[in-house]
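**Q** To start, I am sharing the structure in question, which I have written as structure tokens.
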């Protein structure tokens, strides 16, 4: 179930990325985020030397982190949790950890975020969680 969760998480990240590029970013006028690349550069010895390489690192990390969110969904599903309850439980478990880890690394400063910053982070990641759940439950493990 965890492997299927990872696949669903990567697919859910595709959903989130499309939502960001075609809905959220045009509405908020925000530019592309390099938070995933910042995270990777902080916790690994990888430090790209060109803007193109940094953008690749950003996308690789973005999808890897989405796969980890999906693994959490797979674990929840293996314990019998499905659908909206699973999405909400995983989101409520993983989102605070995401914010806390990034804050501990000095990458996020949530006490300085505006209401819009919070809304963007919450909505974008909740879209990812919803996409992961739908893909897992309907396509990757529909028999349950």
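The values are calculated or read from the model by the stated rules, or taken from the named source; none is laboratory data. Everything numeric in this text was worked out from a predicted model, so none of it was measured. Every residue, glycine as well, gets a Cβ built from its backbone with ideal geometry; the counts of neighbours run over all protein chains shown.
**Q** Would the stretch 67-79 turn up any residue that is under 18 Å from the mean Cα position of the chain (by Cα) and within 22 Å of residue 27 (Cβ to Cβ)?
**A** No.
**Q** Of the residues 19, 39, which is farther than 17 Å from residue 116 by Cα, assigned to a helix (DSSP H, G or I) and either more than 13 Å from the chain's Cα centre (by Cα) or touching a residue at least 12 places away in the same chain (Cβ under 8 Å) (or both)?
**A** Criteria check complete, one pass: 39.
**Q** While we're here: Which residue out of 117, 121 is part of a helix (DSSP H, G or I), crowded, with 17+ Cβ neighbours inside 10 Å and free of Cβ contacts under 8 Å to residues at least 24 places away in the same chain?
**A** 121
**Q** Residue under question is residue 84, and the condition is that it be loosely packed, with under 13 Cβ neighbours inside 10 Å and either in contact with a helix residue (DSSP H, G or I) (Cβ under 7 Å, 6 or more places away or on another chain) or under 13 Å from residue 132 (Cα atoms) (or both); does it hold?
**A** Spelling it out, residue 84 is indeed loosely packed, with under 13 Cβ neighbours inside 10 Å and either in contact with a helix residue (DSSP H, G or I) (Cβ under 7 Å, 6 or more places away or on another chain) or under 13 Å from residue 132 (Cα atoms) (or both).
**Q** Same structure again: Give the residues of the stretch 42-74 that are under 30 Å from residue 86 (Cα atoms) and touching a residue at least 60 places away in the same chain (Cβ under 8 Å), sorted by residue number.
**A** 43, 66, 67, 68, 69, 70, 71, 72, 73, 74
**Q** Just wondering, is there one or more residues in the stretch 63-80 that are in contact with a helix residue (DSSP H, G or I) (Cβ under 6 Å, 6 or more places away or on another chain), modelled with pLDDT of 95 or more, under 28 Å from residue 134 (Cβ atoms) and not in a helix (DSSP H, G or I)?
**A** no
**Q** Restricted to the stretch 91-105, and to residues that are more than 21 Å from residue 30 (Cβ to Cβ) and touching a residue at least 24 places away in the same chain (Cβ under 8 Å), which residue is surrounded by the most Cβ atoms within 10 Å (Cβ to Cβ)?
**A** The residue in question is 91.
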